[in-house]
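The values are calculated or read from the model by the stated rules, or taken from the named source; none is laboratory data. All values derive from a computational prediction rather than experimental measurement. Positions of Cβ are generated from backbone atoms using ideal geometry, with glycine treated the same way; all protein chains shown enter the neighbour counts.
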Amino acid sequence: MTLEPCDRCEEILQDFLDRTLTNEEWAEAEMHLGDCDYCRRRYRFEETLRRYVKLSAVERMPPGLMAKLEQLRGLDATA
């Protein structure tokens with residue numbers, strides 16, 4: 001079964017973002033992303049989402065917020 005170009009792009013998009021495609025698959029994805037506005041927007045969304053998740057996993061919580069959460073947790077434990 002042959003996939004439509006957008007379906008194929010969707011199938012390999014995560015590997016494209018991970019940079020784990022073969023040279024042939026990479027060229028196929030780049031060509032399609034260069035021609036297809038929908039898939040290019042999808043790629044940008046996924047790329048931005050990955051950056052956001054990576055950033056949020058690295059950012060430390062402000063000390064005041066951490067203290068407030070600890071206080072709220074303590075209140076829940078006594079309820």
> Taking region 1-24, which residues are within 13 Å of the chain's Cα centre (by Cα) and either free of Cβ contacts under 8 Å to residues at least 24 places away in the same chain or surrounded by fewer than 11 Cβ atoms within 10 Å (Cβ to Cβ) (or both)?
Replying inline: 15, 18
>> If I go through region 14-34 residue by residue, how many of them are over 24 Å from residue 51 (Cβ atoms) and part of a loop (DSSP other than H, G, I, E, B)?
In response: 1
>> Taking the criterion of being modelled with pLDDT under 95, assigned to a helix (DSSP H, G or I), within 21 Å of the chain's Cα centre (by Cα) and not charged (D, E, K, R), would at least one residue in region 58-77 satisfy it?
In response: yes
